[in-house]
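Visitor: Below is a structure I'd like to ask you about.
The values are calculated or read from the model by the stated rules, or taken from the named source; none is laboratory data. Because the structure is predicted, anything quoted here is derived from the model rather than measured. Please note: Cβ atoms are built from the backbone with ideal geometry, for glycine as well, and neighbour counts cover all protein chains shown.
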Amino acid sequence: MNRGNRNIVIIGGGITGVCCAYYIANHEKFNRSRDSITLFESSGIASAASGKASGFLSLEWHGPATSSLAKLSYNLHRELAEKYDGAKQWGYRALDTWSVKIDEHCKEPDHLPESIEWIDSNIVEKVTRLGTKKDTGQVHPYKFCHFLVKETSKIADFTIIKGHVTNVEENEVEYRLLEEEPYEPDEDDEISDEAELHTLHSMEATDVIVATGPWTPRLLPELRISGARIHSILVDLPFKLSGNAAFTEITFEDGTTAAPEFYAREDEMYICGEFDDEPLPELSSETKVNDEKCKWIKSCADHYHECFRQSDIKLRQACYLPISNTTGAPMLGKMTDSVYVAAAHGCWGITLGPGTGKVMAELVLDGEVKSASIDLLDPKYCM
Ligand SMILES: Cc1cc2nc3c(=O)[nH]c(=O)nc-3n(C[C@H](O)[C@H](O)[C@H](O)COP(=O)(O)OP(=O)(O)OC[C@H]3O[C@@H](n4cnc5c(N)ncnc54)[C@H](O)[C@@H]3O)c2cc1C
């Protein structure tokens with residue numbers, strides 16, 4: 001393929017892949033009249049962790065490997081929100097963040113901020129501030145990803161293929177189509193029958209970015225990344241929720257403990273539980289949701305306030321955290337001349353999404369990263 005006429009292929013339509021597409025489309029060296037971006041997604045944009053995460057953003061809580069990227073990304077989240085009215089479009093807002101220890105037999109309750117109406121102040125043993133509206137915030141990650149897809153489509157030749165990539169080679173990917181619908185074939189390239197949908201296709205690419213979260217080793221087996229399933233629920237509460245997140249701890253009568261995390265969105269409460277060892281399925285759409293685990297999260301929340309006891313679960317969901325088994329940090333960088341990886345963002349992929357997109361765009365189009373220091377995130381540390 002002529003390198004002056006780029007087709008940049010991105011595999012994975014989570015926040016990482018979508019942010020890569022957006023920042024590539026906005027890069028000065030991306031020629032909008034000549035170059036194209038093709039994104040492969042096997043289950044739907046933000047169908048995995050990127051649509052089911054709480055969407056918490058933190059400026060400060062990052063180690064030396066990611067602190068520069070986190071700073072860049074946190075500021076880009078703010079910039080995007082200012083540019084596109086993120087508050088309205090994807091629920092962007094600043095948060096106060098707390099650690100709250102619950103004791104249902106508490107004798108001298110600690111002072112709970114009045115804006116946290118969803119914890120009974122009599123059972124609060126200890127409250128510690130972890131973050132302020134200056135350094136913690138939130139987005140609705142599903143809405144954020146879908147918004148960026150729309151914006152990218154407006155400015156670039158950007159095609160999304162609902163297909164499962166099965167192999168990545170130098171300047172080429174092989175894939176199976178999963179659905180005709182989002183695919184817009186040329187007249188003479190029509191998908192005629194079911195058999196055709198399952199045929200192996202290939203596409204040439206000047207550059208390939210693998211952004212497949214926990215599924216990355218299935219395409220790049222040398223990378224040591226795994227996935228840990230986590231359940232979460234959404235609950236409607238009978239009042240508007242102020243911007244607070246709470247990392248909590250509770251000990252029950254029988255001595256068992258739980259640490260549910262609460263993220264108050266304006267119109268719903270997101271609560272997530274703990275991870276388990278359910279193996280990663282082939283496709284994100286095949287992720288199993290265990291009803292009992294969701295009920296357990298709700299039963300924990302019921303201890304916190306009457307408002308939970310009077311509400312039902314609105315949505316039960318599960319998704320996989322992408323974890324690097326070697327460094328615990330994301331890996332961003334070049335694998336071969338034309339293949340790049342951006343994966344293993346752990347519990348910070350939403351915070352780090354725009355920064356990741358920006359540095360990957362620089363790596364692909366400038367050949368070097370200028371906006372943040374990502375030296376310690378080189379994929380060689382994750383093999
Ligand atoms: C419960 C939970 C809560 C979280 N909360 C937060 C939070 O509050 N703040 C924060 O910063 N981070 C949070 N995270 C972490 C964050 O969600 C992830 O790090 C981030 O979403 C990873 O994004 P990704 O795009 O790299 O991967 P994913 O979101 O996993 O997306 C990968 C995509 O690739 C597709 N794919 C895989 N293989 C193929 C293939 N072969 N062909 C085509 N497509 C393929 C999948 O279908 C999927 O859509 C949370 C994670 C979990 C699990």
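Visitor: Could you tell me which numbered condition D302 fails, if it satisfies all but one of (1) outside the structural domain of L69 (by TED's automatic domain parsing); (2) under 25 Å from E169 (Cα atoms); (3) among the acidic types (D, E); (4) away from the ligand (no atom under 16 Å from the Cβ)?
Guide: (2)
Visitor: Would you mind stating whether K52 is at pLDDT 95 or above, within 16 Å of the ligand (Cβ to nearest atom), within 12 Å of T351 (Cα to Cα) and of a type in the set (D, E, K, R)?
Guide: no
Visitor: In region 17-55, which residues are surrounded by fewer than 24 Cβ atoms within 10 Å (Cβ to Cβ) and of a type in the set (F, W, Y)?
Guide: F30
Visitor: Scan region 122-161 for residues that are in a loop (DSSP other than H, G, I, E, B), in contact with a strand residue (DSSP E or B) (Cβ under 6 Å, 6 or more places away or on another chain) and surrounded by 19 or more Cβ atoms within 10 Å (Cβ to Cβ) and jot them down.
Guide: A156
Visitor: Only one of (1) over 27 Å from the mean Cα position of the chain (by Cα); (2) touching a residue at least 60 places away in the same chain (Cβ under 8 Å); (3) outside any loop (DSSP other than H, G, I, E, B) fails for I119. Which number is that?
Guide: All conditions are met except number (3).
Visitor: When you scan region 324-337, do you find a residue that is surrounded by 22 or more Cβ atoms within 10 Å (Cβ to Cβ), within 16 Å of the ligand (Cβ to nearest atom), touching a residue at least 60 places away in the same chain (Cβ under 8 Å) and more than 20 Å from W61 (Cβ to Cβ), even just one?
Guide: Checked against the condition, which is being surrounded by 22 or more Cβ atoms within 10 Å (Cβ to Cβ), within 16 Å of the ligand (Cβ to nearest atom), touching a residue at least 60 places away in the same chain (Cβ under 8 Å) and more than 20 Å from W61 (Cβ to Cβ), region 324-337 yields no hits at all.
Visitor: What number of residues in region 1-31 are modelled with pLDDT under 95 and under 16 Å from I155 (Cα atoms)?
Guide: 0
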